[in-house]
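Before any comments, here is the structure.
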């Protein structure tokens, strides 16, 4: 079969453009509008997306301009995805959950439960927490340093994957006659005792339809790449140009092979911010209308947070961005991306703020369906992507546009499915269902 | 308006009878059958129940006979209730979550998210974890001692309630023209710093439709009663006879008044295990059929766990139960209840095991709809209950029986609603919606 690309629908309140919430065609208070999310998930499913995807943070947005963006009131991802599971049939459900301020037993259990609720459609986007605002909600004055939080995340994942294999697929025999509900030899005790966690198990959820929910990883730092190469099945990444994306793609496939895994077992999906119109002029008008709604205070606040919670609100808007130090806060790889965007383009702070106001440093495409498909096809065929996480500028309109204009164009080119072949997220992504004990890096003890 | 009783539908896999899963009319592996739970919730909603209720444990069942009961594979409550929110319209959704091995920010956030998803129908049954199996899944060799876990639970609840009031009801003004998404003076920082938790806030969820999700409390020990009197809105309790239930009811109403609250602001809902038939003989036959399926190993295992993880599997089945010490494990009040059941009835171990095989020490009623209604009416009118948490012996049949036989009988007597008057769980229960800052015992700091 011809290789086809994979699509995620990245749902984010009123849309990905920082001024989306000010757009006249989006609902009020979209982050807590379940009717909207239900409609979005159903639209994405009708358009045959592999999955819907939600980001997360365990804190409100802080700092200058926080009250001017729409990120401080939103659904918690696992509750949202569970509700969406009940009103969809086939589409994957990828929820972001931090490994930094959580317990692996709870996380393993909730994703396994979601996998059962949805008939095998759950995925976990494993992130580490990157700011002091989150730390303060979990009893810490300072967040955990970058290297430490990745070491903890890797052990966390090991425990979660071990717990997901607590039971053989056929352990629960439900034998009414003999009175035996499960086979004791189908039960595994993890008994993990590591540097960060001590977790006995077993999990009180049967092995789930996918065996293991799909592991998504979104960090592109050195530590993030190492973790992804060893353990992830999908990498969501921010890449703003083809050459950088190709380099990242090649590096990740190479690392995956070096980790002893098939390069096809890791799917690379850059984010793509897409403004699409029936004509190029219509697309550009849509983009211009959104850019005109950008509040400089809000946009500079966004850059400040992306660049590592370095407060830029006092800096002159129309002078070049100064060289900024890497901080322990924020996503390391995103700090580097923004710094190089500003330096390479010789951008002023205002120009940088406007540039990231839409796609936050991800690939941006503004044009017709053919223009968008051209870019996606190029990236897909030239070693930069296995698929894309689509970031609509506004919701629901931006997703409707992608579904009705771009998806048919990709289908005409043979690049995207015309019906779901499988029923689980793994099947949509072409990922094998792992046997008990086969997930990366962990070893089961004997039964009971 | 005449006082009417409240009904919860306590959903538990294949049913509350320990042998339910062996009954021919229940689904296989019911604990992870979402189609079953959807049907149950919709049945309960059609029958106008106030809420569905699920119990929880953060460990598998351990000990002799654990493989002979159906409790080790089940949905995680918050994911399950979120999915049920999407397929129901009016019924309340009460999920059990332990305050012992959790973080208040996560718990506050998920219940607030569920409250938004469901349009104001969420309730939290706050429990403390009571066994070493749970402790072992969260990095502890021993569980937290009884008194300590209640002190921790009380502070935990204080933090959760504070976080639920992070935002004024009208903070998110979504003002497109001015670009202001929320009023900074509508935002409250909790800045809690106590013996067990240090949590800054605010919560990243807007104040929810109910203002505060409903607080349910299920412990009936001295520490549990103190917590309930100060902070709970519903008490779920196990009472096996009228006199004891009246004493408990009177004690809780008195304590509530002493805590400075209206006695009506705390609803007392004993559990009731109901086997109902169209004739008394039919009901008795149903009960006998279930009792005949009881596996002594499974039933003695159940008693062992209920009595504080004291392994009774070596004790002779047909001799009186010896006096057992109170342990730090298991529910303290349930240990006392079982000991007195055995002593007062001079029961052998087998007799006690068979007695608790259905209702686990709760009120048991076997009979016609009129018989059941007589008992419920007596308890309701004679100061023993404000309503009941209904524990069907098998599912779905036992709930269908209650809905089609008992509910109409209660309605004929004017004891139960004939339509939903309200839309939220608070409205069903006749509980006021608290103003910001009014939840028991906590004090907001000034804005931002």
Completion exercise
Taking Cα atoms only, helix A:280-292 is inclined relative to the longest principal axis of chain A by an angle, in degrees rounded to 10, of 90
Practice task
Would you mind telling me which residue in A:314, A:358, A:201 has the biggest mean-square fluctuation in a Gaussian network model of chain A, where springs connect alpha carbons within a distance under 10 angstrom?
Solution key: A:314
Fill in the blank from the handout: Assertion target for A:318, B:169, A:371, B:401, ordered by fewest C-beta neighbours within 10 angstrom first, is A:318, B:169, A:371, B:401
Fill in the blank from the handout: If R0 = 35 Å, then residue A:246 and residue B:198, at their Cβ-Cβ distance, give a FRET efficiency to the nearest 0.05 of 0.15
Handout entry: Rounded tilt (10° steps) of B:296-306 against the dominant C-alpha axis of chain B
Key = 40
Exercise for the section: Calculate how steeply helix A:332-344 sits against the longest principal axis of the alpha-carbon atoms of chain A, using the helix alpha-carbon long axis, and give the answer as 0 to 90 degrees to the nearest 10. Expected result: 20
Handout entry: Rel. contact order, % - alpha carbon contacts under 8 angstrom, at least six apart, chain B
Key = 24
Handout entry: Rounded to 5, the percent of DSSP beta bridges in the protein assembly as shown classed as antiparallel
Key = 15
Practice task
Grab the beta carbon distance between residue B:412 and residue B:292, set R0 = 41 Å, and tell me the FRET efficiency rounded to 0.05.
Solution key: 0.75
Handout entry: For the range A:13-155: rounded, prolate or oblate by the Cα gyration tensor [a/c cutoff 1.5]
Key = oblate
Handout entry: Highest-MSF residue in chain A out of A:320, A:184, A:213 [GNM, Cα springs under 10 Å]
Key = A:184
Practice task
Between residue A:25 and residue B:177, take the C-beta separation as r, use R0 = 25 Å, and let me know the FRET efficiency to the nearest 0.05.
Solution key: 0.95
Exercise for the section: Along Cα→Cβ, 7 Å out, is where each label goes; now give me the distance between the ones at residue A:370 and residue A:185 in nm to one decimal. Expected result: 6.6
Handout entry: Percent RCO, i.e. relative contact order, over the range A:54-185, from Cα pairs under 8 Å lying at least 6 residues apart
Key = 23
Handout entry: Whole-angstrom gap from the range B:189-251 to the range B:49-128, using each part's C-alpha centre
Key = 15
Fill in the blank from the handout: Honestly the range B:290-448 on the Cα gyration tensor test (a ≥ b ≥ c root eigenvalues; a/c under 1.5 rounded, otherwise a/b vs b/c for prolate or oblate) is just oblate
Completion exercise
At the level of C-alpha centres, the distance separating the range A:343-417 and the range B:384-417, in angstrom, is 56
Exercise for the section: Consider a paramagnetic label point 7 Å from the Cα of residue B:423 along Cα→Cβ; state which residues of the range B:70-93 have an amide N under 18 Å from it. Expected result: B:85-93
Problem - Residues B:315, B:105, B:249 arranged by fewest to most Cβ contacts within 10 Å - result: B:315, B:249, B:105
Exercise for the section: Give the residues of the range B:85-106 whose amide nitrogen is closer than 17 Å to a point set 7 Å from the Cα of residue B:259 in the direction of its Cβ. Expected result: B:99
Problem - Length-normalised contact order for the range B:295-356 - Cα pairs under 8 Å, 6+ apart - percent - result: 42
Problem - Label distances, nm, residue B:316 versus same residue in remaining copies, Cβ-directed 7 Å point - result: 9.7
Completion exercise
With one decimal in nm and the nearest listed first, the spacings from residue A:87 to its own position in the other copies, using label points 7 Å along Cα-to-Cβ, are 1.4
Completion exercise
Quick shape check on the range B:295-356: root eigenvalues a ≥ b ≥ c of the Cα gyration tensor, a/c under 1.5 is rounded, otherwise prolate if a/b tops b/c, else oblate, and it reads oblate
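Since every read-out is calculated from the coordinates, none of them should be taken as a lab result. Remember, predicted model here, so these are calculated numbers, not experimental data. Positions of Cβ are generated from backbone atoms using ideal geometry, with glycine treated the same way; all protein chains shown enter the neighbour counts.
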